[in-house]
Amino acid sequence: MKRILYLTNIPAPYTVDFFNELGKKFDLTVVFEAKNAVERDSSWEKFDASNFKYIVINADDRLKNSFKVLLPVLEKYNYDLCIIGNYASIVEQKTILWLRRNKKAYAIHADGGMVSKEPFLKYLVKRFFLKGANIYFSSGKITTDYFIHYGANRQNIHQYPFSSVPEKKIRKKYDKKI
């Protein structure tokens, strides 16, 4: 079974569902940068991780010390792939640099992203962090165009149908109307 390390910001309910599904197919460890975001309801802190392992790093001080907490996980790296789910975070940017320096395979996942007019320096920074992943997971054409705009090779982009509504809920609603 392939081992995956997935880095992301917080355990949002729809991402926890996604991780539980992914954990059925892979040996999955998720690293959350924080337990919750200030603007989110505290109920997000309680979740069922029945099909994956997880680590929450330094929820109180995400910028200063959280990479130091993550580093031992990376140094013992025995994953087949590391997926970066929030390339704009300092922790995940440091992780991208570590993965590149240590020649480890990594992917970038985005379930949104649109090309927009921005200052050239911001474009260069985004391009630096987005270009160079082994694999890109895109939720659709607009996100694929976003990845290409920032230097991703089209052959390395894999689109998937994104939905945060489980099929059983769709079927249940549809079956009621028949």
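When segment 27-80 is filtered for residues that are surrounded by fewer than 17 Cβ atoms within 10 Å (Cβ to Cβ), polar (S, T, N, Q) and modelled with pLDDT of 85 or more, the ones remaining, listed by number, are Ser50, Asn51.
Just to confirm my filter: which helices (runs of 4 or more DSSP H) fall fully inside segment 81-178 and include at least 1 residues that are at pLDDT 90 or above?
On the way: elements: 90-101, 120-130, 141-149, 167-177.
Where helices (runs of 4 or more DSSP H) fall fully within segment 81-178 and carry at least 1 residues being at pLDDT 90 or above, they are 90-101, 120-130, 141-149.
Within segment 5-18, the set of residues being of a type in the set (Phe, Trp, Tyr) and farther than 20 Å from Thr95 by Cα comprises Tyr14, Phe18.
Each residue in segment 110-137 was checked for being of a type outside the set (A, V, I, L, M, F, W, C), free of Cβ contacts under 8 Å to residues at least 40 places away in the same chain, surrounded by 14 or more Cβ atoms within 10 Å (Cβ to Cβ) and over 22 Å from Glu75 (Cβ atoms), and 5 of them qualify.
The values are calculated or read from the model by the stated rules, or taken from the named source; none is laboratory data. Please read these numbers as outputs of a predicted model, since none were measured by experiment. Glycine gets a Cβ as well: all are built from the backbone with ideal geometry, and neighbour counts include every protein chain shown.
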